[in-house]
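Quick note: the coordinates plus some simple rules give every number you see, no bench work behind them. Keep in mind that what you see is a predicted model, and the values were worked out from it rather than measured. Here Cβ is always computed from backbone atoms with ideal geometry, including for glycine, and neighbour counts include all displayed protein chains.
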There are 4 protein chains.
Amino acid sequence: MTTGRGKIPVAILGATGVVGQRFLKRLADHPFFEIAYLAASDRSAGKKYKDACLWHLGGEPFAGYGDMVVSACSPDSAPAPLAFSALDADVAVSIEAAYAKSGAFVFSNASAYRMEEDVPLLIPEINSDHLGILERQQARRGWKGAIVANPNCTTVMLVSPLAPLDRIFGIEAVMATSMQAISGAGYPGVSAMDIQGNVIPHIKKEEPKVESEPLKILGRLLGTGVSASFASSHFPVSATCTRVPVIEGHTIAVSVKLKGNPSVEDVVAAMKSFEPDTAGLGLPSAPERFLAVSDQADRPQPRKDVEIDGGMRITVGRVRPCPILGIKFIALGHNTERGAAGASVLNAELAYVKGALALAQEEYERRTA
Amino acid sequence: MTTGRGKIPVAILGATGVVGQRFLKRLADHPFFEIAYLAASDRSAGKKYKDACLWHLGGEPFAGYGDMVVSACSPDSAPAPLAFSALDADVAVSIEAAYAKSGAFVFSNASAYRMEEDVPLLIPEINSDHLGILERQQARRGWKGAIVANPNCTTVMLVSPLAPLDRIFGIEAVMATSMQAISGAGYPGVSAMDIQGNVIPHIKKEEPKVESEPLKILGRLLGTGVSASFASSHFPVSATCTRVPVIEGHTIAVSVKLKGNPSVEDVVAAMKSFEPDTAGLGLPSAPERFLAVSDQADRPQPRKDVEIDGGMRITVGRVRPCPILGIKFIALGHNTERGAAGASVLNAELAYVKGALALAQEEYERRTA
Amino acid sequence: MTTGRGKIPVAILGATGVVGQRFLKRLADHPFFEIAYLAASDRSAGKKYKDACLWHLGGEPFAGYGDMVVSACSPDSAPAPLAFSALDADVAVSIEAAYAKSGAFVFSNASAYRMEEDVPLLIPEINSDHLGILERQQARRGWKGAIVANPNCTTVMLVSPLAPLDRIFGIEAVMATSMQAISGAGYPGVSAMDIQGNVIPHIKKEEPKVESEPLKILGRLLGTGVSASFASSHFPVSATCTRVPVIEGHTIAVSVKLKGNPSVEDVVAAMKSFEPDTAGLGLPSAPERFLAVSDQADRPQPRKDVEIDGGMRITVGRVRPCPILGIKFIALGHNTERGAAGASVLNAELAYVKGALALAQEEYERRTA
Amino acid sequence: MTTGRGKIPVAILGATGVVGQRFLKRLADHPFFEIAYLAASDRSAGKKYKDACLWHLGGEPFAGYGDMVVSACSPDSAPAPLAFSALDADVAVSIEAAYAKSGAFVFSNASAYRMEEDVPLLIPEINSDHLGILERQQARRGWKGAIVANPNCTTVMLVSPLAPLDRIFGIEAVMATSMQAISGAGYPGVSAMDIQGNVIPHIKKEEPKVESEPLKILGRLLGTGVSASFASSHFPVSATCTRVPVIEGHTIAVSVKLKGNPSVEDVVAAMKSFEPDTAGLGLPSAPERFLAVSDQADRPQPRKDVEIDGGMRITVGRVRPCPILGIKFIALGHNTERGAAGASVLNAELAYVKGALALAQEEYERRTA
């Protein structure tokens, strides 16, 4: 499936952080992509990667890239036809735009462009057709490249089990209480003095994302080419986001109101029979199973279930009646993989297989010839 | 306020467990009551208290009762006009009845009698008038004594902030997701292998209690004397109960639908101005403040807020609009104090001050004269 | 390297516990061995494995053996030429002997036979020649099979870095303070009420094992055949064993007095250049690197370093001068792999490659023919 | 015992941090001292205290001083005859000297002056006579005020149980492995990503302090007045300092070589009968019991034992033979009270009662009259 030209060179933007390190690990031996640049803030640029950050993950330290010199975060310093962004939202705004303008495709975990009307908020298994907005994005902004966003880490775990329910029954309301892992706050992130043996019932700026992003993801793409646009879904989402002393894995208690008030059995069947858009595409980061429904009374649990399928599986459990909204259940997923680095890489794999990256690569090769 | 007869002798049933130890600590130097018996299972009876259990609490080991010999759990072995029960529900059924039959008043943390139609499910600040059912209980069962129950530890934290809202606005629906402390499972209770760095999204038999008990507590007492009866409230409660790695303190994310859709300001005002039934009664275990509303963005937090007011305060925070039910907030309280031992002791203090215990004491003195 | 006869059938004794499950995971797809029986206490025997225990590990639940029916722990109920024992010491005494008598080779994680004069206490990388005691064991006890023990989980992490130092310099004294993981206490094992946010500075019966086992492991095998015997090493070991809130991985602070007071550099060189006895044998469970020395100032750390090399690597760090004994360092290893299941399996692999299991297998085939 | 002049006004230097907050809590209602200034870095100066920091402790938020405006850390901005310093060592050097020069007495938790030859490293129960060096300090440095240091938080827990052993038997060598709480690193201090479910086997710059400070503390004061000097003790101390996921309380595994190799019974008797120098002085922060010896097999434990006696008690357990050095035991104490804020306050109370503060106060009153 690789092109005759070999692997596409990529830049990792924000390579030193918790999500950036996940990008390295996923891309270190990827069949489509090849790490060409590790880019980070000016504080890190110029240092060897191993001197610029503390390696948080298991396996080979620095994914074998310890001696690579860190670049500054710009298409001049780290030119590549493909960039993965683990940048903070505030700096992502201009840096990601600069890359897209330069002709690169940016697969971004930042929130900066997620809700823009011409940027796909992509979960390949659910709304792969939303990639169709890119032509409009390029036309509207005058970019040769493009930005593709993945959702907030909590949104992914919430919307994944909702997708089959929306497709089959239609959603009328969603109530969600999350118990989120500390890795979601990055590094050093949460002080141990705050979270040890504790619950922090608030995560800054999180609830508005969880309440708005699902409507875009579950919305429809209308029109084609430069006339494409999104028609957002319309139902209320009410979120409470809390932090708990868990390393990896966001757990969400969800109640949902569905049209026609389907039974628990029907809901479970809908989830189990969901056919992801990615079926048969052979995407390297796609999980063997996208959405699993556990029948154990006390699962899913983050420490025990989160690593399965390379952290790319969503596990649902305790599907049961809700006396108010009709159905309730628990959803779990790996926040820095399914909800961050893995999500972006899967997005890029989808774009690659759909042919969307070919032009970027050609343009890049012409420039660098 | 103590009687001329001195303190009332009490038996602690289930004295060796996590809640039993809290009873000891609260009663070791109580102005109304005096520990006369520490009763526990046959495995412990006959041993010195310090040899029968591991002391889990701070302060003086065994609350100074280390050398008291543990009695069996029966009114013959541990006769007292007043008993505090930290028994498991299955054994509580017969033991508590035997005490009540013997003429004793039982203040019980067990779930065995909570939902019985003639047993008060008491939170003194909220439904102190429910004590009025006792005459009917005694008449109906032929008991000289009586059983008074306190609610499940999660119910208390949920229903306390709801009480002023029900009184002022009227409740139409309640959705609750709890994050419960490990102490709620007793000792040894939860294995560290299960809960460390984890969330367990299920607590056996917990959700049905949280979904039913509030309706009785917020219900009305109709009639008087032997004709008294409860008129339960009617609104749906939907609960998801989870366990998190916290030692003490249940945190609950609550959404509530109120009649007339009051504003956040009105709701906060209702909570802040709530006058507990216990005001002015001088109950020794009553908190200085029953219901506090925090205005810090990330409070209440169990490890930081739970011990205030001897663990008897309920703290609410993050009162804000819910796009589905109207209002949402966070509630927190100390599960083994406000939700267990402290709750039972406060119930007994109310009964004492209301004069309900005088007959039991007289009867006891006559028998033991 | 497998025999013409195919894989050797094995029984796992104590298959339902924390270590038993590790055995399943390691043996589920082993090139030499094949799981034939899962044996456990009478309480579990007759049930399907998935109904007999809670699966604690990641990956495929029950390692794919969920539907195998659990056998009783005896050579009649679970006959196999090879048994892996995760039994408690008190029941291991008779059950392991019964297996050995029946002709089976038992690779045991139990402490029951560890210090017996005719039982090898084996770490294949260190004292592989101790297998030479088996002929004496069989002659002395009239067994056709044999018992091979692996050391206590803390002993392994302590003695592994000591072995090269003893070989090159000679040891005169060892002081060790361990910080041990909760998995070492099995399941349910340690109550979360005891260990959360805490240190328990005592582990029952642990220190005597850590103080005595190294002397046997580092001792010499004298003589051959039925006249073989062990000459124990002679130096004092002083151990303090504590429990800390870590899931997997025992960390040990070690001080050691060596003959000739070698420098830190010499000690590091000795560790790094240590050639394990297993080099070149192709044992499937042998780590790529037996003993690693980290040069990072704050490593090794259990949560970050313990899983490397399938949990079979020992990592040492902070080698530095000790003003009292001469050298001090930190050692870390995976207690339920390197210190338990993985240790036993590696022992069996060594015995297999050395040909020691061939007779057991033949005898078994003759019996079952 | 208060002077006719009323309480002495004090400044708290570094008032916003973990230790600074402990100072506030201890001094908010102190019989000798009165908080006059909360001083902190320029970043905080000018803000209200409640806006300058997050309050980490229980009880009344900000100890009631939330509205006090924070001063800069200098004797001009925060003039007081008495200062408590929770400053970092690097800034403490000049700021503490400026205070001492201005005539103030500084009771410091910083390491800056601890090992200076003319600064007492004080534990009032052990070496109260070391205050006698102050006249020399003032003469040598030309200060009207003075600096009194308390030891490193780990040193205190180590040296307290050693003091009676040194007095009665004489110490020849000490080996210590600490398991230290995260609060010792301040706030935000340790990242939860680093310490959750983990052990960090290194604490920067800690071991040299633990290896040197005990020798000064247990040394003798020679001479008097301006000719006074310290004669340090001479024995090797070997320390390994680790961080564990505990909120408060440093646990230390100690082995000690004593002259004459006394028995365990003799050692326990020496600890139990130790008469602290503070006996009978009525110091408000002195614990009811300075040094307790537990006879429970698994105590002391930080989460369960550390708060006793206001955090000012040292608890020892597991006194037993060490096959290498003779005696080993476990010691525990509260690192931010006994090892920091409480230590400094107790030092000041001793100085107050000994009359050492009277001149400072008079000088201050003259200046400010």
Size of the dipole of the protein assembly as shown about the Cα centre, Lys and Arg at +1 and Asp and Glu at -1 on the beta carbon, nothing else charged, in debye to 20?
0
Could you give the distance between the Cα centres of segment B:1-75 and segment C:14-86, to the whole Å?
45
Measure out, as a whole number of angstrom, how far apart the alpha-carbon centroids of segment C:102-163 and segment C:186-232 sit.
13
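Mean separation of Cα pairs under 8 Å and 6+ residues apart, divided by the residue count of segment B:1-139: what relative contact order is that in percent?
On the way: 237 pairs, mean separation 29.6, N = 139.
Relative contact order of segment B:1-139: 21 percent.
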Magnitude of the Cβ-charge dipole of chain B, K/R +1 and D/E -1, about the Cα centre, nearest 20 debye?
180
Angle check, please: helix B:206-217 long axis (alpha carbons) against the longest principal axis of chain B (alpha carbons), in degrees 0 to 90, nearest 10.
90
Tell me which D residue has its C-beta closest to the axis rotating D onto A, and the distance in Å?
D:192, 2
So for segment D:153-333, using the alpha carbon gyration tensor with a ≥ b ≥ c as root eigenvalues (a/c under 1.5 gives rounded; past that, a/b versus b/c decides prolate or oblate), I'd call it rounded
Classify segment A:235-337 as rounded, prolate or oblate, taking a ≥ b ≥ c as the square roots of the eigenvalues of its Cα gyration tensor: rounded when a/c is under 1.5, otherwise prolate if a/b is larger than b/c and oblate if not.
oblate
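Based only on other Cβ atoms within 10 Å, what is the fewest-to-most ordering of C:290, B:107, B:84?
On the way: C:290 24, B:107 28, B:84 32.
In increasing order of surrounding Cβ atoms, one gets C:290, B:107, B:84.
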With at most 14 other Cβ atoms within 10 Å, longest stretch of chain B clear of loop GluC sites (Glu not before Pro) (DSSP)
B:118-287
Could you state the angle between the C-alpha long axis of helix A:341-353 and the longest principal axis of the C-alpha atoms of chain A, as a value from 0 to 90 degrees rounded to the nearest 10?
70
Identify which of B:145, B:333, B:219 has the largest mean-square fluctuation in a Gaussian network model of chain B, with springs joining Cα atoms closer than 10 Å.
B:219
Where does helix C:89-101 land angle-wise versus the long Cα axis of chain C, in degrees 0 to 90, nearest 10?
50
By DSSP, what percent of the beta bridges with both residues in the protein assembly as shown are antiparallel, rounded to the nearest 5?
45
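Among B:238, A:273, A:212, rank each residue by its count of other Cβ atoms within 10 Å, from fewest to most, as a rough exposure measure.
On the way: B:238 22, A:273 10, A:212 17.
The most exposed by this proxy come first: A:273, A:212, B:238.
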Spacing of the two label points (7 Å from each Cα toward its C-beta) at residue A:167 and residue A:277, in nm:
1.0
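Filter the trypsin sites (Lys or Arg not before Pro) in segment C:222-284 down to the DSSP loop ones having no more than 14 other Cβ atoms within 10 Å, then list what survives. Present the calculation step by step, with values, prior to reporting the outcome.
Working: sites: C:243, C:257, C:259, C:272; in loops: C:259.
Answer in residue order: C:259.
Using Cα-Cα distances under 8 Å and only pairs 6 or more residues apart, what relative contact order does segment B:153-333 have, in percent?
Details: 355 pairs, mean separation 51.4, N = 181.
Relative contact order comes out at 28 percent.
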Would you mind classifying segment A:259-303 by shape? Square roots of the alpha carbon gyration tensor eigenvalues, ordered a ≥ b ≥ c; an a/c under 1.5 is rounded, otherwise it is prolate if a/b is larger than b/c and oblate if not.
oblate
Highest GNM mean-square fluctuation, chain D, Cα pairs closer than 10 Å: which of D:74, D:294, D:285?
D:294
Calculate, axis by axis, the spread of Cα positions in chain C along the three principal axes, and write the results as whole Å, longest axis first.
63, 52, 33
Choice from B:326, B:223, B:66 showing the highest fluctuation, given a GNM over chain B with Cα pairs closer than 10 Å
B:223
Residue-wise HN-Hα coupling along segment A:192-203, computed from phi with Karplus coefficients 6.51, -1.76, 1.60 (Hz; x: Gly, Pro):
4, 5, 8, 9, 4, x, 9, 10, 9, x, 7, 10
When DSSP assigns beta bridges and you keep just the ones with both residues in chain A, what percent turn out antiparallel, to the nearest 5?
45
Estimated vicinal HN-Hα couplings, Hz - segment B:7-12 in sequence order (Karplus 6.51, -1.76, 1.60; Gly, Pro = x)
6, 7, x, 10, 10, 9
What percent does the relative contact order of chain A come to when contacts are Cα pairs within less than 8 Å and at least six residues apart?
18
Which aspartates and glutamates, if any, have their Cα less than 17 Å from the Cα of residue B:354, not counting same-chain residues under 8 positions apart?
B:125, B:129, B:135, B:277, B:362
Using the alpha-carbon centroid of each, what span in Å lies between segment B:328-359 and segment A:238-306?
40
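How large is the dipole of segment A:222-369 about the Cα centre if only Lys and Arg carry +1 and Asp and Glu carry -1, each at its Cβ, rounded to the nearest 20 debye?
Working: 16 positive and 16 negative charges, 115 e Å.
That gives segment A:222-369 a dipole magnitude of about 560 debye.
My understanding is that a pair violates if its Cα-Cα distance is over 20 Å; which of B:25/B:50; A:25/A:48; A:144/A:209; A:209/B:328 do that in this structure? Before the final figure, lay out the partial values.
Numbers: B:25/B:50 14 Å; A:25/A:48 17 Å; A:144/A:209 28 Å; A:209/B:328 17 Å.
The pairs that break the limit, which is 20 Å between Cα atoms, are A:144/A:209.
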Please order B:278, B:251, D:336 by the number of other Cβ within 10 Å, starting at the fewest.
B:278, D:336, B:251
Per the 1/(1 + (r/R0)^6) rule, R0 = 22 Å and r from the Cβ atoms of residue A:140 and residue A:354, FRET efficiency to 0.05 is 0.60
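Taking the radius of gyration and the Kirkwood hydrodynamic radius from Cα positions alone, what is the Rg/Rh ratio for the protein assembly as shown, to two decimal places?
Working: Rg = 34.1 Å, Rh = 35.1 Å.
Ratio of gyration radius to Kirkwood radius for the protein assembly as shown: 0.97.
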Cα to Cα, under 14 Å, and not fewer than 8 places away if on the same chain: which aspartates and glutamates meet these conditions relative to residue A:259?
A:166, A:172
